[in-house]
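A.B. asks: If you scroll down you'll find the structure; I have some questions about it.
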């Protein structure tokens with residue numbers, strides 16, 4: 001499988017949002033749960049201005065994406081989103097996107113990335129070297145807590 005990774009542009013927002021929603025559904029969440037997360041998972045035009053979004057493709061088929069934001073805190077960034085299309089999960093695309101995001105963070109002089117992880121993805125991030133700092137309230141689901149993680153670069 002030949003994967004290309006490029007900087008995404010706003011014209012790809014719909015395709016990438018579909019990946020985020022389908023990837024979240026992959027973990028067995030209900031339709032109501034997905035609907036409550038829709039706004040948070042939707043890429044907007046401003047996301048392409050205020051952050052770096054990398055897209056993975058296999059022969060022009062969208063496989064996944066990662067969104068990296070630079071915070072106001074010097075040296076700190078945020079791994080805002082990392083999603084892989086369900087048909088490509090388990091093929092190393094998430095790892096490749098993660099590694100590429102870390103490379104870009106390093107070039108941007110980011111020393112630390114923070115992220116709010118889906119509980120189903122926590123072990124993936126731990127394997128990649130992230131540590132769980134604490135559980136934080138979900139922005140989409142009242143009463144739900146998710147792992148707040150940190151990656152030292």
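The values are calculated or read from the model by the stated rules, or taken from the named source; none is laboratory data. Every value quoted in this text rests on a predicted model; they were computed, and no experiment measured them. Positions of Cβ are backbone-derived with ideal geometry, glycine not excepted, and every protein chain shown enters the neighbour counts.
A.B. asks: Out of all the residues in segment 1-17, which are part of a loop (DSSP other than H, G, I, E, B) and surrounded by 16 or more Cβ atoms within 10 Å (Cβ to Cβ)?
C.D. replies: So the first thing to find is which residues in segment 1-17 are part of a loop (DSSP other than H, G, I, E, B), and the list is 1-2, 8-9.
If the condition is that a residue be part of a loop (DSSP other than H, G, I, E, B) and surrounded by 16 or more Cβ atoms within 10 Å (Cβ to Cβ), then 8 is the only one that fits.
A.B. asks: For segment 23-46, how many residues are under 20 Å from residue 138 (Cα atoms) and not in a loop (DSSP other than H, G, I, E, B)? Steps first, please.
C.D. replies: Quick first cut of segment 23-46, residues under 20 Å from residue 138 (Cα atoms) only: 23-44.
Among the residues that remain, those that are also not in a loop (DSSP other than H, G, I, E, B) are: 23-26, 31-41.
Here the count works out to 15.
A.B. asks: Being touching a residue at least 12 places away in the same chain (Cβ under 8 Å) and more than 16 Å from residue 107 (Cβ to Cβ) is the filter; apply it to segment 50-60 and report the residue that is surrounded by the fewest Cβ atoms within 10 Å (Cβ to Cβ). Quick ask: steps written out before the conclusion?
C.D. replies: Taking segment 50-60 as the starting set, the residues that turn out to be touching a residue at least 12 places away in the same chain (Cβ under 8 Å) are 50-59.
From the residues that got through so far, the ones that are more than 16 Å from residue 107 (Cβ to Cβ) too are 50, 55-59.
Numbers: 50: 12, 55: 20, 56: 24, 57: 19, 58: 17, 59: 9.
Checking each candidate, the answer is 59.
A.B. asks: Do we have residue 20 as touching a helix residue (DSSP H, G or I) at 6+ places or on another chain (Cβ under 6 Å), assigned to a helix (DSSP H, G or I) and closer than 23 Å to residue 139 by Cβ here?
C.D. replies: Yes, satisfied.
A.B. asks: Which of the residues that make up segment 119-146 are assigned to a loop (DSSP other than H, G, I, E, B) and either farther than 17 Å from residue 102 by Cα or touching a strand residue (DSSP E or B) at 6+ places or on another chain (Cβ under 7 Å) (or both)? Don't jump to the end; show me each part of the working.
C.D. replies: Here is the first cut: in segment 119-146, the residues assigned to a loop (DSSP other than H, G, I, E, B) are 128-130, 138-144.
Of everything in segment 119-146, those that are assigned to a loop (DSSP other than H, G, I, E, B) and either farther than 17 Å from residue 102 by Cα or touching a strand residue (DSSP E or B) at 6+ places or on another chain (Cβ under 7 Å) (or both) turn out to be 129, 130, 138, 139, 140, 141, 142, 143, 144.
A.B. asks: If the requirement is being at pLDDT below 95 and over 21 Å from residue 17 (Cβ atoms), which of these qualifies: 110, 141, 151, 131? Outline the logic, then answer.
C.D. replies: Details: 141 fails: over 21 Å from residue 17 (Cβ atoms); 151 fails: at pLDDT below 95; 131 fails: at pLDDT below 95.
The unique qualifying residue is 110.
A.B. asks: Of all residues in segment 87-103, which are within 14 Å of the chain's Cα centre (by Cα) and either crowded, with 19+ Cβ neighbours inside 10 Å or outside any loop (DSSP other than H, G, I, E, B) (or both)? So that I can check it myself, show each step before the final result.
C.D. replies: As a first pass, look at segment 87-103 and keep what is within 14 Å of the chain's Cα centre (by Cα): 89, 93-102.
Of everything in segment 87-103, those that are within 14 Å of the chain's Cα centre (by Cα) and either crowded, with 19+ Cβ neighbours inside 10 Å or outside any loop (DSSP other than H, G, I, E, B) (or both) turn out to be 93, 94, 95, 96, 97, 98, 99, 100, 101, 102.
A.B. asks: Ok, one more. Filter segment 121-153 down to the residues that are under 16 Å from the mean Cα position of the chain (by Cα), in contact (Cβ under 8 Å) with a residue 24 or more places away in the chain and surrounded by fewer than 14 Cβ atoms within 10 Å (Cβ to Cβ) and list them by number.
C.D. replies: Listed by number, the list holds a single entry, 139.
A.B. asks: State all residues of segment 34-49 that are loosely packed, with under 13 Cβ neighbours inside 10 Å, out of contact with any helix residue (DSSP H, G or I) (no Cβ under 8 Å at 6 or more places or on another chain) and over 18 Å from residue 77 (Cβ atoms); if no residue qualifies, say none.
C.D. replies: Correct list: 35, 39.
A.B. asks: For segment 64-79, does any single residue satisfy the condition of being part of a helix (DSSP H, G or I) and surrounded by fewer than 21 Cβ atoms within 10 Å (Cβ to Cβ)?
C.D. replies: No.
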